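Have a look at the structure below before the remarks.
Nothing in this text is a laboratory measurement; each read-out follows from the coordinates by a stated rule. None of the values given here were measured: they were computed from a predicted structure. Note: ideal-geometry Cβ built from the backbone for every residue, glycine included; neighbour counts use all protein chains shown.
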Amino acid sequence: MPKTKYYFISDLHLGASYIDNGRDHETRVVEFLRAIEGDAKALFLVGDILDYWFEYRTVVPRGYVRFFGQLARMADAGTEIVWFIGNHDIWLFDYLRNEIGITIVNTDKGGITMTLDGTDFFIGHGDTFGRQPRSYNILRSIFHNKVCQKLYSSIHPRWTIPFAHAWSSNSRKGHNGSSEIIFDGKTRAAIEVFARQLSSDNPRLTYIIIGHHHIALNEPINAACRLVMLGNWIDKSTYAVFDGSELRLCEFHNNV
């Protein structure tokens with residue numbers, strides 16, 4: 001079967017302590033990847049794939065064996081895999097690039113533009129898409145600071161990993177247990193304004209694809225360009241697929 005399709009997923013949050021059965025969650029993701037591996041020309045992992053990840057020089061966190069194994073299988077079979085760093089899986093360095101051949105994308109501009117089969121896309125996690133609270137921008141700059149990363153790496157994982165998972169769990173409780181990040185009218189308006197400006201600055205853009213907000217959305221922002229928000233894989237299983245001419249937002253139900 002020829003590989004002709006491009007797939008986009010985000011916000012899997014693998015390893016999150018607030019997900020009741022982590023093994024079942026990982027299994028569902030792997031089933032999806034197995035279902036698409038035959039025709040996936042490229043797979044775009046658009047951030048927050050892991051709920052937490054930090055690579056030390058010679059040590060990586062335990063877990064995710066089936067998920068990483070399936071990614072390796074797909075990469076070996078010729079599928080291009082591109083992983084956009086989110087606000088949870090910030091500290092991806094060179095392990096997955098060297099071991100599997102994944103391209104890691106980290107940008108402070110919200111995302112990157114690329115052309116797929118003659119169609120122009122803007123792709124980014126979405127945590128810097130539009131205006132963000134100053135407190136969030138400060139925290140993000142600390143997390144991305146090389147010196148801070150070096151200092152953090154000097155702390156034993158027995159302390160850092162439980163701390164990171166507790167932080168994530170408390171953040172989820174702040175949303176009353178919902179899988180959706182607060183997405184009120186003000187947030188939506190700011191994203192739409194940013195998307196229209198991005199489209200105006202890049203008139204060839206056909207699709208703007210982001211994650212982060214845990215909302216599944218596919219709507220036009222003008223006559224030429226659509227905004228696609230990928231949803232989440234905590235209580236839903238949404239993804240986007242582009243066949244070279246049209247992009248669809250779908251939900252996985254053990255078949256594709």
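Here are a few things to note about the model shown:
- Sum of side-chain charges, ILE85 neighbourhood, beta-carbon under 10 Å (Lys, Arg +1; Asp, Glu -1): -3
- VAL59/ILE112 FRET efficiency (R0 30 Å; Cβ-Cβ; nearest 0.05): 0.50
- For ARG196, net neighbour charge (Lys/Arg +1, Asp/Glu -1) across residues whose Cβ lies under 13 Å away: -1
- The residue list ILE49, LEU71, PRO61 was ranked by how far each Cα lies along the charge dipole of the range 1-74 toward its positive end, using unit charges on Cβ atoms, and LEU71 comes out on top.
- Taking the Cα centre of the range 1-58 as reference, the dipole from Cβ charges on Lys and Arg (+1) and Asp and Glu (-1) amounts to some 320 debye.
- Extension gain, ARG66 back to GLU219 (0.36 nm per residue minus Cα-Cα distance, nm): 51.7 nm
- Model label sites at GLN197 and THR4, defined 7 Å from Cα along the beta-carbon direction, differ in position by 4.0 nm.
- Summed side-chain charge close to THR206 - residues other than THR206 whose Cβ falls under 15 Å, Lys, Arg +1, Asp, Glu -1: -2
- Length gained on full extension, LYS146 to THR187, computed as 0.36 nm times the residue gap minus the Cα-Cα distance: 11.8 nm.
- The equivalent ellipsoid that matches the C-alpha gyration tensor of the range 58-114 spans semi-axes of 20, 16, 9 angstrom, in descending order.
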